Amino acid sequence: MPAGGRMDQGRYAAAWRRVQWAMVMLALLCMAGIGVAKDRPAPAPARTVLVMGDSLSAGYGMAASQGWVALMSARMRASHPGWRVVNASISGETSAGGASRIAGELARVRPAVVVVALGANDGLRGLPLAQSRANLTRMVRAAKAAGAKVLLVGMRMPPNLGRAYTEGFEANYRAIAQAEQVALLPFLLEPVARDPEAFQADDLHPTAAVQPKLRDHVWAALAPLLK
C-alpha cells in the first residue's frame with residue numbers, strides 16, 4: 001500500500017477513535033442525567049379544599065373573582081403554598097342536589113378538606129327539616145369516608161317562616177356537627193346579616209363589597225383544618 005494510503009488510514013482511525021470517545025462520553029452524561037432525574041423528588045401534589053355551596057358561595061351577581069371563595073383561594077395561595085380551592089358551588093343548589101353530587105366531586109377532586117355550605121334554598125322552599133338534615137349528614141359522611149376533614153357552614157332563615165321552623169333549621173347544623181364531630185361555622189352571613197346596605201337588590205345575596213368580610217369569617221374556621 002502506498003505511504004499516502006497508510007497515512008489516510010491512520011487519520012481515519014484517529015478520527016473514528018475520537019468519534020467513539022465522544023459517543024461514550026455522551027452516553028455517560030445521558031446516564032448521569034437520568035440518574036439525577038430519578039433521584040429528584042417529584043413535587044408534592046396540591047392539597048385541595050372543595051367548596052360545595054349555593055349562590056352565596058358561587059358569587060351570584062358579581063364577577064367570579066369577587067366572591068368570597070375566590071378571595072379565600074387567593075389568600076390560601078399566599079399563606080399556604082401547596083393548597084388550592086375548587087369551587088363546586090351552584091346557584092340554586094339544595095342539600096339534595098349536593099348530596100347527589102358529592103360522590104362525583106370527591107372522586108374528581110380528592111380533597112383534603114370539604115366545605116359544605118348548603119341549606120339556604122332548602123329553607124326558602126320550606127323543605128322539611130328532617131330531609132335537609134339527612135341530606136347534609138349524607139354529604140358530611142361521604143366526605144369523611146373519603147378521608148377529608150369537613151367544615152359545615154350553617155345558615156339561618158328569616159322569622160316569617162315561623163319560630164319552630166327557623167329555630168329548628170339553625171339547630172340542624174349544630175346537631176350534625178356534634179353528631180359527626182366536624183367543624184362548624186354557625187352562620188355564613190354573620191358579619192353582614194344586620195346591614196341592609198350589604199345586600200343586593202334582592203335582599204338575599206351580599207354585594208361584592210362585603211365579600212372580603214365573608215372570606216375572613218370563613219377563613220377563621222377553615223385555617224385550623226389546613227394543618
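If I filter the range 170-178 for residues that are farther than 13 Å from residue 119 by Cβ and of a type in the set (Lys, Arg), do I get at least one hit?
First, the residues of the range 170-178 that are farther than 13 Å from residue 119 by Cβ: 178.
Still in the running and of a type in the set (Lys, Arg): none.
No, the range 170-178 contains no residue that is farther than 13 Å from residue 119 by Cβ and of a type in the set (Lys, Arg).
Could you please find all residues in the range 102-129 being farther than 23 Å from residue 204 by Cα and surrounded by 17 or more Cβ atoms within 10 Å (Cβ to Cβ)? Show your work before the answer.
The first filter runs over the range 102-129 and keeps only residues farther than 23 Å from residue 204 by Cα, leaving 102-114.
Listed by number, the residues that qualify are 102, 105, 106, 109, 111, 112, 113, 114.
Among the residues of the range 87-101, count how many are buried (at least 18 other Cβ atoms within 10 Å of the Cβ) and either within 17 Å of residue 209 (Cβ to Cβ) or polar (S, T, N, Q) (or both).
4
Restricting attention to the range 64-86, does a residue exist that is under 20 Å from residue 176 (Cα atoms), surrounded by 21 or more Cβ atoms within 10 Å (Cβ to Cβ) and either out of contact with any Asp or Glu (no Cβ under 9 Å at 6 or more places or on another chain) or in the same structural domain as residue 198 (by TED's automatic domain parsing) (or both)?
The first filter runs over the range 64-86 and keeps only residues under 20 Å from residue 176 (Cα atoms), leaving none.
No: the range 64-86 contains no residue that is under 20 Å from residue 176 (Cα atoms), surrounded by 21 or more Cβ atoms within 10 Å (Cβ to Cβ) and either out of contact with any Asp or Glu (no Cβ under 9 Å at 6 or more places or on another chain) or in the same structural domain as residue 198 (by TED's automatic domain parsing) (or both).
Going through the range 81-138 one residue at a time, which ones are among the hydroxyl-bearing types (Ser, Thr, Tyr) and either touching a Cys at 6+ places or on another chain (Cβ under 6 Å) or farther than 19 Å from residue 218 by Cβ (or both)? Talk me through it step by step, then tell me what you get.
Just the residues of the range 81-138 that are among the hydroxyl-bearing types (Ser, Thr, Tyr), to begin with: 89, 91, 94-95, 100, 132, 137.
The answer is 94, 100, 132, 137.
Only one of 82, 92 is touching a residue at least 12 places away in the same chain (Cβ under 8 Å), within 22 Å of residue 226 (Cβ to Cβ) and small (Gly, Ala, Ser). Can you tell me which?
Numbers: 92 fails: within 22 Å of residue 226 (Cβ to Cβ).
After applying the criteria, what remains is 82.
Looking only at residues that are of a type in the set (Val, Ile, Thr) and over 13 Å from the mean Cα position of the chain (by Cα) in the range 69-101, which one is farthest from residue 169 (Cα to Cα)? Step through it out loud before you land on a result.
So the first thing to find is which residues in the range 69-101 are of a type in the set (Val, Ile, Thr), and the list is 69, 85-86, 90, 94.
Applying the additional criterion that residues be over 13 Å from the mean Cα position of the chain (by Cα) yields 90, 94.
Working: 90: 21, 94: 14 Å.
Looking at residues that are of a type in the set (Val, Ile, Thr) and over 13 Å from the mean Cα position of the chain (by Cα), I get 90.
Could you give every pair whose Cβ atoms fall below 6 Å, whose first residue belongs to the range 51-78 and is polar (S, T, N, Q), and whose second residue is part of a helix (DSSP H, G or I), counting only separations of at least 6 or pairs across chains?
Close Cβ pairs (under 6 Å, with a partner that is part of a helix (DSSP H, G or I)) amount to 57/69; 66/208; 66/211.
Only residues that are part of a helix (DSSP H, G or I), polar (S, T, N, Q) and loosely packed, with under 14 Cβ neighbours inside 10 Å: list them for the range 161-200, please. It would help to see each step written out before you state the result.
Going through the range 161-200, the residues part of a helix (DSSP H, G or I) turn out to be 161, 163-180, 196-198.
Restricting the remaining residues to those that are polar (S, T, N, Q) gives 166, 172, 178.
Once the filter is applied, which keeps residues that are part of a helix (DSSP H, G or I), polar (S, T, N, Q) and loosely packed, with under 14 Cβ neighbours inside 10 Å, the range 161-200 yields only 178.
Do we have any residue at all in the range 207-215 that's of a type outside the set (Gly, Ala, Ser), surrounded by 15 or more Cβ atoms within 10 Å (Cβ to Cβ) and more than 20 Å from the chain's Cα centre (by Cα)?
The first filter runs over the range 207-215 and keeps only residues of a type outside the set (Gly, Ala, Ser), leaving 207, 210-215.
When the remaining residues are screened for being surrounded by 15 or more Cβ atoms within 10 Å (Cβ to Cβ), the result is 207, 210-215.
Retained after the next criterion (residues that are more than 20 Å from the chain's Cα centre (by Cα)): 207, 210.
Yes - at least one qualifying residue is present in the range 207-215.
Among the residues of the range 143-150, is any assigned to a helix (DSSP H, G or I), assigned by TED's automatic domain parsing to the domain that holds residue 73 and farther than 28 Å from residue 66 by Cβ?
Yes, the range 143-150 contains at least one residue that is assigned to a helix (DSSP H, G or I), assigned by TED's automatic domain parsing to the domain that holds residue 73 and farther than 28 Å from residue 66 by Cβ.
Residue 158 - would you say it is in contact with a helix residue (DSSP H, G or I) (Cβ under 9 Å, 6 or more places away or on another chain) and surrounded by 15 or more Cβ atoms within 10 Å (Cβ to Cβ)? Talk me through it step by step, then tell me what you get.
On the way: in contact with a helix residue (DSSP H, G or I) (Cβ under 9 Å, 6 or more places away or on another chain): yes; surrounded by 15 or more Cβ atoms within 10 Å (Cβ to Cβ): no.
Judged against the criteria, residue 158 is not a match.
The values are calculated or read from the model by the stated rules, or taken from the named source; none is laboratory data. Just so you know, these numbers come straight off a predicted model, no measurement behind them. With ideal geometry, Cβ positions are generated from the backbone for all residues, glycine too; neighbour counts draw on all protein chains shown.
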